Amino acid sequence: MDDLSFLFRLEQFGIKFGLDSIETLLSRLGHPERTFRSIHIAGTNGKGSVTAMIDTALGRAGYRSARYTSPHLVDLSERFVVAGQPVDAAAIRRAAGDVRAAIESLRTEGALQALPTFFEATTAMAFELFRRARVEVAAIEVGLGGRLDSTNVIHPVVSAITSIDFDHQQYLGSTLAAIAAEKAGIIKPGVPVVVGDVGPEAWAVIERVAAQRGAELISARRGVEIAALPPDSSSDNVFRLRSPARDYGTVKLALRGMHQAANALVAIRLLETLDTHGIAVPPPAMIFGLEHVSWPGRLERRILPGGRELILDAAHNPAGAAALSSYLTASRGTPPVLVFAAMRDKDVGGMLRTLLPAVSRLIVTRAANSRSADPDALAAEARSIAPGLSVDIVASPLAALEAAWTMSNRVVVAGSIFLLGDIMKEIGA
């Protein structure tokens, strides 16, 4: 079995919380996570967007920067970005081989009681790849939760919690306070934490944890003046921005959706905090990070031959669905056809109740991932929520997209990151 096949076989172990395995593995590798400075970013939604913005700004400021995100849409290399580019396949194979060798030797010695999960292995790979690439500073996105997430072995310069909402309740808890407590687990003693729009219940929990650990708590919103301006030909998201630190003037976000304004505030306050903690980022570089970031599958809009409009969005929980619905409702044009799939453990009803009023028709399908929900069950849920809406079941994602084009020249694909990956593999990432 080759090394990448070994790596992907670890997916069978699913999600496992705890830091023992990753700490043991990183120790055997010589602690690559200690060779670069880092920023740690958690949150229900928005953490990937903020990670990408931070990395883009740091690169513009002249640092050899990197980012680690998950999951990937099409190719594993998307998780490991150095100097603005995914790490090349040969480097990934070498790192996978070395991580495999470390795992197997630790298992033989009895130092690892069980094989690590796929995410534990890829996290170790990311840190090793960044060491080999001589990365100076890396933006690290939490995988799930925070407290017991494999990325929580780093000691960052600054941390952030972008948002708190309902998702992964079976792992994180069924209340916003419980979810906030898990995500606040990334807060380190004496390390400042920037917090986005989380609501009073979650804020109280985060505030308490920050106080206990002597961490400066920075509200991304407090003291900030932000005013939306009319969109122009270069951006749907234009606004004036003034933070307590400086006046940035007019900012034109590269990413669509008004929710990205909240993510931009977190990114700006993170960058300002870095600037006062030994990682200088000039204001033009900060704005460059907001205006030139690339983050595929997040309200990604493609105009295809014949004037067809395709919107690809990674919304996979009710809060993400609400952001997508708000964008669709506010945008011009006829309501689109929605191609939808979801994982079995997701709040499908919560997503559909938000999305269905914004679309003209629904096509449900099944993503290639083994956790994908049964399309018949999705269709039944949709019909109970919107009895008057036309709902079709199509077996495969590509066939579902092709069917949607026969119904409308405006199509949105959402509900699962894995569904987006299936579509993007077929039509080109």
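Numbers below:
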{"read-out": "Flag for Pro283 being more than 17 Å from Val251 (Cβ to Cβ) and surrounded by fewer than 22 Cβ atoms within 10 Å (Cβ to Cβ)", "value": "no"}
{"read-out": "Qualifying residues in region 335-349 (those that are more than 17 Å from Ala400 (Cβ to Cβ) and under 20 Å from the mean Cα position of the chain (by Cα)) - the one least open to solvent (accessible area, probe 1.4 Å)", "value": "Lys346"}
{"read-out": "Test: residue in region 109-117 that is under 30 Å from Met351 (Cβ atoms) and in contact (Cβ under 8 Å) with a residue 40 or more places away in the chain", "value": "yes"}
{"read-out": "Region 359-368 - residue that is open to solvent by less than 10 Å² (accessible area, probe 1.4 Å) and free of Cβ contacts under 8 Å to residues at least 40 places away in the same chain and, of those, farthest from Met407 (Cα to Cα)", "value": "Val364"}
{"read-out": "Hey, Gly110 touching a Leu at 6+ places or on another chain (Cβ under 8 Å) and at positive phi or not", "value": "no"}
{"read-out": "Test: residue in region 253-276 that is more than 29 Å from Asp167 (Cβ to Cβ), open to solvent by 50 Å² or more (accessible area, probe 1.4 Å), more than 14 Å from the chain's Cα centre (by Cα) and at pLDDT 95 or above", "value": "no"}
{"read-out": "Among the candidates Arg332, Arg353, residue that is surrounded by fewer than 19 Cβ atoms within 10 Å (Cβ to Cβ), farther than 19 Å from Ile417 by Cβ and touching a helix residue (DSSP H, G or I) at 6+ places or on another chain (Cβ under 7 Å)", "value": "Arg353"}
{"read-out": "Residue count for region 276-290, restricted to those that are of a type in the set (A, V, I, L, M, F, W, C) and assigned to a loop (DSSP other than H, G, I, E, B)", "value": "3"}
{"read-out": "Strands (runs of 3 or more DSSP E) within region 1-98 that include 2 or more residues surrounded by 23 or more Cβ atoms within 10 Å (Cβ to Cβ), out of contact with any Leu (no Cβ under 8 Å at 6 or more places or on another chain) and at pLDDT 95 or above", "value": "37-42, 65-68"}
{"read-out": "Criterion: in contact with a Leu (Cβ under 9 Å, 6 or more places away or on another chain), within 29 Å of Arg332 (Cα to Cα) and assigned to a loop (DSSP other than H, G, I, E, B) - qualifying residue of Leu389, Leu362", "value": "Leu389"}
{"read-out": "Ala399, sole failed condition from (1) in contact (Cβ under 8 Å) with a residue 60 or more places away in the chain; (2) under 28 Å from the mean Cα position of the chain (by Cα); (3) closer than 17 Å to Arg308 by Cβ; (4) surrounded by fewer than 19 Cβ atoms within 10 Å (Cβ to Cβ)", "value": "(1)"}
{"read-out": "Boolean, Thr108 is open to solvent by less than 10 Å² (accessible area, probe 1.4 Å) and of a type in the set (S, T, N, Q)", "value": "no"}
{"read-out": "Evaluation of Val157 against (1) under 21 Å from the mean Cα position of the chain (by Cα); (2) surrounded by 22 or more Cβ atoms within 10 Å (Cβ to Cβ); (3) within 22 Å of Ile54 (Cβ to Cβ) (one fails), failing number", "value": "(2)"}
{"read-out": "Some residue of region 409-428 being of a type in the set (Asp, Glu), open to solvent by 60 Å² or more (accessible area, probe 1.4 Å), part of a helix (DSSP H, G or I) and modelled with pLDDT under 95", "value": "yes"}
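This table checks each residue for (1) open to solvent by 60 Å² or more (accessible area, probe 1.4 Å); (2) assigned to a loop (DSSP other than H, G, I, E, B); (3) in contact with a Phe, Trp or Tyr (Cβ under 6 Å, 6 or more places away or on another chain).
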position	(1), (2), (3)
Gly214	no, yes, no
Arg222	yes, yes, no
Ala228	yes, no, yes
Arg302	no, no, no
Ile311	no, no, no
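The values are calculated or read from the model by the stated rules, or taken from the named source; none is laboratory data. Values in this document were obtained by computation on a predicted structure and should not be read as measured data. Methodologically, a virtual Cβ is constructed for each residue, glycine included, from the backbone with ideal geometry; neighbour enumeration extends over all protein chains shown. Ligands, DNA and RNA are excluded from the accessible area calculation, which covers all protein heavy atoms including side chains. Shrake-Rupley method; radii C 1.70, N 1.55, O 1.52, S 1.80 Å.
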